[in-house]
Amino acid sequence: MNLTRLNPKTAWPWRHSIRTALAVTVPLAIGLLAGQLEASLLVGLGALLNSTKVQSDPYRIRFENFLIIVPMAMAGFVLGALVAGHGPLTLMLLILLGLVSGLVSGYGATYSTGAMQMLILAVIAAGHPSSSLWMPPLLFAAGAAYAAFLLAIEAAFDRRMPERAVLAQLFHALAQFARCAARPTPDKATTSLATPLEQQRRHVTDAMLKAYSGLLQTRQQDAGSTPETNRHAVVLASADLVFSGIVAGGVEPAELHGVAHYLDEIATAVRKGHGRPTRPADLPEASRLGSLVDNLADSLWPDTVPPRPIHRARHRAAASFPDLATRLRALAARLALGHDVVLSALQLALCLGIAFVAQDILGGARSYWIPLCVVIVLKPDFGSVFVRAVQRSLGTILGVVLGVVLMTFLPKGWWLLASMGVLGALMPAAGQRSYALQCAVLTPLVLLLIDMTVPGATVDFGPQRLVDTLIGSAIALVFGYLVWPQNPGSKILASFTKAMSAAAAYLRAASAPAPADAADLPSARSALLMAMMAAYSSLSNVRTALQRSLAEPPPASREAAAWFPVIVEAERLCDRITRLAHQTMAGSAVLDPDAVEQRVAVLKSLGAETALKHASVAGPGKPADTDAVFHEIDVELDQLTRMLEPTR
């Protein structure tokens, strides 16, 4: 069930669908008219590989990613052509390149995508060498430039569309969160893992983290603050106040429904680029939560917008730069790779070697699909190897059937090209729902792409592609996953330790008294917000890892199922801390520092690896005082402690 479960439905990415359809069909149409289908295949490949993934990053960051990914892919073409045709030496060099690709993937998502394209194109170039060394990479770069051109056209119409889409998603999630808060809460004993309110709160925190991620990426690219980034930060801070107000509780259901309606209207206006919506009549004027939503609307549609500065700060004082030795040490620390990255790179190199041996034994036309399948499945930052191998196999089976039907009933030429456009338009939405669905659409698209470029009658590569995919997935599954010792418990424990440390820091920040000077209030709210996002982000990371593990074979799935109630209880504890922060910021609660440190110590003991692994190590125990302000937090701490007792 977990392997076949689809992701929730989202709005159709129609802009991306149009770009993908044009990226696939236009180069081939030009090649069909000019009689240069082989060259158009490389151009279409460059456009397709750089148009597949649905992204919500700002346009500028996406264009900068092109400058990293495309040169790495071109280098893969050149390296593959250079090592081709040398027998065992070619095999060894490609395995070495696979090792390098796996290591480079540890430096971030952009470098990981570039390293994957580099390895894919190196395998293709080595298995299907060209008479020219430089023409294939240049044609591929032309396709990538065409994909960037299509993206630039989209950005010209609405350069802030990605930011608005992320904010609209956040506001819709807040609206649904308010509706869930208006419903009666079921008894905790009747719930298996979490209430609908807690599940929706996860959607809100995930959407908030996504919005903050885009803001931080933009700020890292700027030499200084800009009105756009400052406005974005104010909007997110206002949204956080609305979230905290809903979590704090004490709001009548009618008021919550009015707030939800208001938030939905704001989300729709933001997504469509319209003006400020009218405040709903069913939302009372004296509504405390409604005033927070009013502040959110004020930050989105201010009466006056500060002028954009003409010049930015391009330099800093010389004294602000560290010395050469400090910079070298910082660079070495950034370049150092963890144990998991190195192990994943070694697994990729091993499986790639086995795939090349299988390719030589089986032969066949374009049999480099076996190592290509290994490369795609074994990308560690794309999710579980087991899940991707199974889903890719299932998707390929469906895709081959669809591809064979299309090639059987449609003549080669414009009708086949039109069907490729339809598949390209479907691929972004399919990828959002499931990796298996993406493979089910991508497989016939690639089959038709190859068939279009092969002269003469239609050649059915479908059965061979299916066999190659199953062999490649089996190699990745056996030699990249099953033969390696699995210890999911230690990874879950390490993630949970970080989450409890972040929760302890959040409790300390939430317990700090509100500043007496109103001028210090924004900085205090900012510090509290950062602590809150760190705590919820850490728990979100653990939950995501557990969700992926549920589809794994035992023991990973059993470990994940056992840990899920603990993570749910930890999330409930963070909700109680959010309520406490709401009280302290409002000045309605002044806390004893010693009592705060008692709870912080309990949280840290719950997250300590030695306290969980060894029964002889005891934590500080339950706090002695019974302060009413801490009642809800103490209840959740006691429940969390009881849940963890069997693991001590």
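Look at the alpha carbon pairs under 8 Å that are at least 6 residues apart: their mean separation over the length of the stretch 430-555 gives a relative contact order of 21 percent. Applied to the stretch 345-355, the Karplus parametrisation 6.51 cos²θ - 1.76 cosθ + 1.60 on θ = phi - 60° returns per-residue 3J(HN,Hα) values of 5, 5, 4, 5, 5, 4, 5, 5, x, 5, 5 Hz, with x for Gly and Pro.
Shape analysis of the stretch 1-121 places it in the oblate category; the axes a ≥ b ≥ c from the Cα gyration tensor give an a/c of at least 1.5, with a/b not above b/c. In the calculated pair-distance distribution of the stretch 61-141, the portion above 21 angstrom amounts to 26 percent of the Cα-Cα pairs. Projected label points at Phe63 and Ala601, each 7 Å from Cα along the beta carbon direction, are separated by 5.7 nanometres. Note on Arg276 and Ala494: their simple-model spin labels are 5.0 nm apart, each label 7 Å out from Cα toward Cβ. The GluC sites (Glu not before Pro) of the stretch 232-300 that DSSP puts in a loop, and whose beta carbon has at most 14 other beta carbons within 10 Å, are Glu285.
Chymotrypsin sites (Phe, Trp or Tyr not before Pro), restricted to the stretch 47-148: which are DSSP loop and have at most 10 other Cβ atoms within 10 Å?
none
Put simply, the Cα atoms of the stretch 419-541 extend 81, 40, 18 Å along their principal axes, the longest span coming first. When the Cα positions of Ala504, Ala556, Ser526 are compared along the charge dipole of the stretch 493-591, Ala556 comes out farthest toward the positive end, with charges on each C-beta of Lys, Arg, Asp and Glu.
Placing R0 at 22 angstrom, the Cβ-Cβ distance between Asn541 and Val100 gives a FRET efficiency of 0.20 after rounding to 0.05.
Using heavy atoms of the protein chains and a probe of 1.4 Å, the accessible area assigned to Met92 is about 130 Å².
The values are calculated or read from the model by the stated rules, or taken from the named source; none is laboratory data. Because the structure is predicted, anything quoted here is derived from the model rather than measured. FYI the Cβ positions are ideal-geometry reconstructions off the backbone, even for glycines, and counts take in every protein chain you see. Remember, those area values only see protein heavy atoms, side chains included, never the ligands or the DNA or RNA. Shrake-Rupley method; radii C 1.70, N 1.55, O 1.52, S 1.80 Å.
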